[in-house]
Amino acid sequence: MRRGAPRRRGGPRSRRRSPRRRAGCRASDRPAAPRAGRRRRSSAGLASHRYLLVVNAINTRVVYEAIRTRCADYAAWAADRTNERAIIAVQGPSAAPIVEALTGTGLTRLRYYTAALLDIDGRPAVVARTGYTGEDGFELLVHAEDAVRTWEAALVAGRRHGLTPTGLACRDTLRIEAGMPLYGAEIGRDVTPFYAGLGRVVSFVKPGDFVGRAALAEAHKSGVTRRLVGLVASGQRIPRAGQQVVTLTDDGHGADPVGLITSGAPSPTFKRPIAMASIRAGTGDSIRLAVQVRGTTEPVEIVPLPFYRRPR
C-alpha cells in the first residue's frame, strides 16, 4: 500500500503529515456566557455555577432558545453573547509553543478538552485545548474588542513556526480527514448519535434524567438503520454533500441508491478525494459503491474513519 494512502480495513494507519498540517490560525465569532459574581472558580477560571457554551454558528439561536426555555423553572438564566466575544483558533503541531509565547505560560499540563483563564497581551482570555482539525491546538476566547490585537499578536508569536492565516475551507478539509462530524452535515436534529457513530457519548447508566433520554433509549433498542462511513474516490472527481451513493454494477453503472454524501473534499494529505456518507446499515464494506457526481458515476471504496489520526 502506498505510504500516506487512507487505511483499508485490517491495514496500517497512515502517519504521513499533510503539508497543510502546519500551524494554522483561524478566527470566528461564537457565543459565550455572561460574567458572574465572585464564587468558587473552576479550572477554566469561571465561577463554578457558570457554564460557557460554544456552539456551531448556524445553530446559535436554536441552542440559546433551548437553554433559555429550560432555565425558566430554575434559579438560572441564559444570555447570548455571540457579538461580544470572538474565537481565534491556533491549530497544528506547533500550536503549543505559539500559545505559550502568547500567554507567557507553560501549557504542558493543560489537557485536551480543558481550559484555563489566562492573559494575552494584558487582556483576559479563556484558552481551551480544543479545535476541530484533528491536530493539537488551542482556541482563544476573547472579548470582541480584543480580537484584532490578539490575532495580530498570534501572527507575530507564530512567525518563526510558520503560522499561516487560514479560513473555514481549510478547517473543513482537515476535520473531514479527521472524521469529525459537523452539525448540518453528519449530525442534526433528525440524526441520532448512533447513526452518526457517536453512540459512545451517550450513557444510559448515569443516574438521573437528561433531555432526550427516553427517545435515545428507544432508538438504541431499535438498532440503527444507517451508518456513517468514510469513502475514498478512485478518480479525481470530488463527492459533495447531498450527492447520491449507489451500488456499482459489474459494467460500471450505478444501480440501487444506498445513501447520501454528507461531506466531501480533496484531501491534501492523501492526494485523493475523500468523503463521509450516511448509508444503509446493511451495506457491507465489500459491496462495490459509487457516487453520482454531476451526471457521472465515480467509483468509491469504504474505508474506516478517521482517514487520518495524528501521531501521539
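The values are calculated or read from the model by the stated rules, or taken from the named source; none is laboratory data. Predicted model only: the values in this text are computed from it and were never measured. Don't worry about glycine lacking a Cβ; one is built from the backbone with ideal geometry, like all the others, and counts go over all protein chains shown. Surface accessibility is based on the protein's heavy atoms, side chains included, excluding ligands, DNA and RNA. Shrake-Rupley method; radii C 1.70, N 1.55, O 1.52, S 1.80 Å.
Quick one: which helices (runs of 4 or more DSSP H) sit completely within the stretch 125-236 and have at least 3 residues that are open to solvent by less than 30 Å² (accessible area, probe 1.4 Å)?
Answer list for the stretch 125-236: 147-158, 168-177.
Could you tell me which residue of the stretch 298-312 is surrounded by the fewest Cβ atoms within 10 Å (Cβ to Cβ), considering only residues that are in contact (Cβ under 8 Å) with a residue 12 or more places away in the chain, part of a loop (DSSP other than H, G, I, E, B) and charged (D, E, K, R)?
Out of the qualifying residues, it is Arg309.
Assess whether Asp80 counts as being open to solvent by 50 Å² or more (accessible area, probe 1.4 Å), touching a Phe, Trp or Tyr at 6+ places or on another chain (Cβ under 8 Å) and acidic (Asp, Glu).
The answer is yes for Asp80.
Looking at the stretch 193-211, I want the residues that are more than 17 Å from Ile279 (Cβ to Cβ) and have a partner that is exposed (fewer than 15 other Cβ atoms within 10 Å of the Cβ) and among the polar types (S, T, N, Q) with Cβ atoms under 8 Å, at least 6 apart or on another chain. Which pairs are those?
none
Any residue in the stretch 133-153 that is farther than 17 Å from Ala96 by Cβ sitting within a Cβ distance under 6 Å of a residue that is surrounded by 18 or more Cβ atoms within 10 Å (Cβ to Cβ) and of a type in the set (S, T, N, Q)? List the pairs, counting only those 6 or more apart or interchain.
Sorted first by the residue in the stretch 133-153, then by its partner, the pairs are Val142/Thr150.
Scan the stretch 234-255 and report the pairs whose first residue is farther than 22 Å from Glu186 by Cβ and of a type in the set (A, V, I, L, M) and whose second residue is open to solvent by 30 Å² or more (accessible area, probe 1.4 Å) and outside any strand (DSSP E or B), with Cβ atoms within less than 6 Å and a gap of 6+ or a chain change.
Leu248/Arg288; Ala255/Thr249
Can you work out which of the residues in the stretch 81-124 that are of a type in the set (Lys, Arg) and assigned to a strand (DSSP E or B) is nearest to Asn59 (Cα to Cα)?
Looking at residues that are of a type in the set (Lys, Arg) and assigned to a strand (DSSP E or B), I get Arg85.
Out of Gly264, Gly259, I need the residue that is touching a residue at least 60 places away in the same chain (Cβ under 8 Å) and surrounded by 16 or more Cβ atoms within 10 Å (Cβ to Cβ). Which one?
On the way: Gly259 fails: touching a residue at least 60 places away in the same chain (Cβ under 8 Å).
The conditions single out Gly264.
Per-residue answers, yes or no, for (1) modelled with pLDDT under 95; (2) of a type in the set (A, V, I, L, M):
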{"site": "Gln91", "(1), (2)": "no, no"}
{"site": "Ala96", "(1), (2)": "no, yes"}
{"site": "Gly104", "(1), (2)": "no, no"}
{"site": "Arg109", "(1), (2)": "yes, no"}
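Restricting to the stretch 269-297, and then to whatever is within 15 Å of Pro239 (Cα to Cα) and open to solvent by 10 Å² or more (accessible area, probe 1.4 Å), can you tell me which residue is modelled with the lowest pLDDT?
Among them, the one singled out is Gly295.
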